[in-house]
Amino acid sequence: MIKRIISRLGVLAVVLFGVTLLTFFYTSLSPVDAAQALAVRRYTRPTEEQVTQVRQELGLDQPLIKQYTGWLTKAVKGDFGNSYNTGKPIIEELSASMRPTLKLAAMALLFTALLSIPLGVLSAARKGGFADKSIYLFGIVCMSVPNYWIGFMLMLAFAVNIPLFSIMGAENLKDFVLPALAIAIPTAAANIRVFRSSLLDGYNSDFVMYARTRGISEFKIAGMVSRYALPPLVTLLGQSFGFTIAGSAMIEFVFSIPGVGSMLVTALSSRDTVTINACVLVIAVIFVAVNFLAEIVCALLDPKAHSKERAYDT
């Protein structure tokens, strides 16, 4: 198991290195000159000498490889430099922006699990029945509309017509309920079908038939099947958490949440390349870490994985 974890960590380190490399070089391909953009904000109508001076201050006159290695060396130590847009340390802005985004992603993950598990069980238990078809229709509709539209509808219903929640802000956990639901509903709609299929596969397995012949209660069998069906759902939940962190910009914009998605959009619009690179790296680290933890949980839940791990270690 330890060897397997070390091997996976090595692969994840390579993935993160590739993310930093691609992001850094893609931002450098933009036709907009970061030095020119910063000089315009600083001097309004900068001269060529002023643009050259700004470029030297930012180190953009150096070869691209040297820029990348210098940035990566500092980034590994947690030093992302100062924002071109605000002049403040990026690590401070990221820390402030990441807190509301993590709260949003955690609450969305909770709502996704609360919707996926019971509806998946109900759909599998009523296979082909009215409940199964209704849940299937619910899933198709929810997966067909973008989450920001669901956010608008939830805001209209529960913040305007029925003022239970505030329209904007991120001051307390109550402010995250509607945006988290807007993310969780379409995500859960996809997860329900996967969990339902896993449950049906479990009930059709040989170990269930054997358990029933031995007279084991249906309640215990349901627990066995749930454990059998959980690994795919855990994987999907881990991925959905990462996708929420990476794709939270629209929901944060709709609900005026000052999260990392909003920070990334602002950096893109202002050509703040160092902030873009820092945001993408932090998002990638969270995404990779959460999926790695989900993989470990799946290995603990799946009995077959234990045998594979023992075979791997030997």
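Laid out as a table, the results:
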quantity	calculated
Heavy-atom accessible surface of the chain: percent carbon and sulfur, 1.4 Å	67 percent
Heavy-atom surface of the chain, accessible at 1.4 Å and reported per residue (Å²)	55 Å²
Cross-link pairs beyond the 30 Å C-alpha cut-off, checked among K133/K220; K3/K220; K103/K127; K174/K220	K3/K220; K103/K127; K174/K220
Under 18 Å from the Cα of K66 - lysines, other chains or at least 8 residues apart	K74, K77
Positive dipole terminus of the chain, leading residue within L233, I283, M98 (C-beta point charges)	L233
Computed E for V145/L60 - FRET, C-beta separation, R0 51 angstrom, nearest 0.05	0.75
If the convex hull is drawn through the Cα atoms of the range 68-220, its volume per residue in Å³	214 Å³
Burial order of peptide ranges 261-271, 188-198 (average beta-carbon count within 10 Å, highest first)	188-198, 261-271
Heavy-atom SASA rank of D201, D132, D33 (probe 1.4 Å, accessible area, largest first)	D201, D33, D132
Electrostatic dipole magnitude of the chain [Cβ: Lys, Arg +1; Asp, Glu -1; Cα centre; debye, to 20]	920 debye
Rounded D (µm²/s) - the chain, Kirkwood Rh over Cα pairs, Stokes-Einstein at 37 °C, 0.692 mPa s	146 µm²/s
By accessible area with a 1.4 Å probe, ligands and nucleic acids excluded, highest first: order of T101, T213	T213, T101
Low-density loop positions, trypsin sites (Lys or Arg not before Pro), the range 1-52 - DSSP coil, at most 12 other Cβ in 10 Å	none
Charge dipole (debye, nearest 20) of the range 53-186; +1 at Cβ of Lys and Arg, -1 at Cβ of Asp and Glu	360 debye
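The values are calculated or read from the model by the stated rules, or taken from the named source; none is laboratory data. A quick note: this is a predicted structure, and the numbers were derived from the prediction, not measured. Note that each Cβ is placed from the backbone with ideal geometry, even for glycine, and that neighbours are counted across all protein chains shown. To get the accessible areas, we keep the full protein, side chains included, count just its heavy atoms, and leave off ligands, DNA and RNA. Shrake-Rupley method; radii C 1.70, N 1.55, O 1.52, S 1.80 Å.
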